[in-house]
Amino acid sequence: MQYVTIKHFKRRGIGGEFNIHYGEFLELRDDGLLYHKGRKVCVSRSAAAHKYFACDYDGRGLERGKISHAIIDKLEPKNFDSPQERNDFWKRVWKNDLAQKYRRPEHVDYWLWSNDFFNAPIEDLKYIAELVGAKKGL
């Protein structure tokens, strides 16, 4: 499977130092690692992979990365005027069946997006973006 760089990756990876630019492609291999030009970069399920790369199984990886990160950014505490406003947004997410599909179930009292969220179909991500009001810039 192919992944695409959604944010410039200039840092150390498994195979040494990297300078991977926006839009460059990586390969997911059977060992679960992402490779760039034959060198091991990171585990495909890692925080680094979720921050810098998006799966591109449908040619829409750049869009997938943009939407998923818009959702994450929208739900940051700094984007709310009060704790109550933030709680109201999160209640909407917790009660939504589609959003629940992309939550890591092993954390029952707080929300972490699962790896599936970062690989979700564009239509699902757009629905969640609409749910939380993360449409700005999309």
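The values are calculated or read from the model by the stated rules, or taken from the named source; none is laboratory data. Only a predicted model underlies this, so the values are computations on that prediction, with no experimental measurement involved. Ideal geometry is used to build each Cβ from the backbone, glycine not excepted, and the neighbour counts take in all protein chains shown. For the accessible areas, the whole protein counts, side chains as well, though only heavy atoms, and no ligand, DNA or RNA atoms are used. Shrake-Rupley method; radii C 1.70, N 1.55, O 1.52, S 1.80 Å.
Spread over its residues, the convex hull of the C-alpha atoms of the chain is 120 Å³ per residue. Peptides 123-129, 30-36 ranked from most to least packed by the mean count of surrounding Cβ atoms within 10 Å: 123-129, 30-36.
Taking all protein chains as present, what is the carbon and sulfur share of the accessible area of the chain, in % to the nearest whole number, probe 1.4 Å? Whole-percent figure for carbon plus sulfur exposure: 50.
The phi torsions of region 23-36, fed into the Karplus equation with coefficients 6.51, -1.76 and 1.60 and a -60° offset, translate into couplings of x, 6, 9, 10, 10, 8, 9, 4, 7, x, 9, 8, 10, 10 Hz, rounded to whole numbers, with Gly and Pro shown as x.
Please give the calculated 222 nm ellipticity per residue for the chain, where each DSSP H segment of at least 4 residues contributes -39500 (n - 2.57) and the sum is spread over every residue; nearest 500 deg cm²/dmol? Calculated at 222 nm, the ellipticity per residue is -11000 deg cm²/dmol.
Short-range pairs are left out: with C-alpha atoms under 8 Å and at least six residues apart, the relative contact order of region 37-119 is 26 percent. Backbone amide hydrogens, once placed in the peptide plane, bring Phe53 within less than 5 Å of Ile6, excluding anything fewer than 5 places away on its chain. Note on Trp90 and Arg12: their simple-model spin labels are 3.4 nm apart, each label 7 Å out from Cα toward Cβ.
Farthest toward the positive end of the dipole of the chain, out of Ser114, His8, Leu62, is the Cα of His8, where the dipole comes from beta carbon charges about the Cα centre. At an R0 of 25 angstrom, the distance between the Cβ atoms of Lys135 and Leu112 translates into a FRET efficiency of 0.60.
Near Tyr3, the amide H atoms lying under 5 Å from its own belong to Leu26, Glu27, Leu28, Asp56; only residues 5 or more places off or on other chains count, and H is placed 1.01 Å from N.
Distance between the pseudo-spin-label points of Gln2 and Lys51 (7 Å out from Cα toward the beta carbon): 2.6 nm. Once backbone amide H atoms are built at 1.01 Å from N, Ser114 has Arg103, Arg104 as its partners under 5 Å, excluding neighbours fewer than 5 places away on the same chain.
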